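These notes are about the structure you will find just below.
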Amino acid sequence: MATTTDPVCGMSIEESAAAGSATHEGTTYCFCSPACEHRFEAEPEKYASGDQ
Ligand SMILES: [Zn+2]
């Protein structure tokens, strides 16, 4: 199973267990909760620029 990191809170999650996902500039990000997804969508550049 693939794991990924929620870019908002830094939590490691399984992609299949993600509460939501969003695509920004061709990269898909997964989130542990709808709250993290909403924070990412509000400011994607802030979170997407971290470890990519
Ligand atoms: Zn999160």
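Every read-out reported here was derived from the displayed coordinates using simple, explicitly stated rules and does not represent laboratory data. Just so you know, these numbers come straight off a predicted model, no measurement behind them. Here Cβ is always computed from backbone atoms with ideal geometry, including for glycine, and neighbour counts include all displayed protein chains.
Taking the simple approach of a point 7 Å from Cα along Cα-to-Cβ for both E45 and A19, what is their distance in nm?
Spacing of the two 7 Å Cα→Cβ label points: 2.7 nm.
Can you list the residues, at least 5 places off or on another chain, whose amide H is less than 5 Å from the amide H of C32, using H built in the peptide plane?
It is A19, by chain and number.
Which ³J(HN,Hα) values, rounded to whole Hz and listed in residue order, are derived for the range 11-24 from phi using the Karplus coefficients 6.51, -1.76 and 1.60 in 6.51 cos²θ - 1.76 cosθ + 1.60 with θ = phi - 60°, glycine and proline given as x?
6, 7, 9, 7, 4, 5, 9, 5, 7, x, 8, 8, 10, 9
For the range 41-46, in order, what is each residue's ³J(HN,Hα) by Karplus, 6.51 cos²θ - 1.76 cosθ + 1.60 with θ = phi - 60°, in whole Hz (x at glycine and Pro)?
5, 6, 9, x, 5, 5
Given the range 3-48, report the % of alpha carbon pairs whose separation exceeds 13 Å. Before the final figure, lay out the partial values.
Working: 441 of 1035 pairs.
Of all Cα-Cα pairs in the range 3-48, 43 percent lie more than 13 Å apart.
So which GluC sites (Glu not before Pro) in the range 1-37 end up in coil per DSSP with only 13 or fewer other C-beta atoms within 10 Å?
Taking the range 1-37 and a limit of 13 other Cβ atoms within 10 Å, the loop GluC sites (Glu not before Pro) found are E25.
Run the helix sum for the chain: -39,500 (n - 2.57) per DSSP H stretch of 4+ residues, divided by residue count, reported at 222 nm to the nearest 500 deg cm²/dmol. Can you show the working numbers first?
Details: 2 runs with 14 residues, N = 52.
Roughly -6500 deg cm²/dmol at 222 nm, from the helical runs in the chain.
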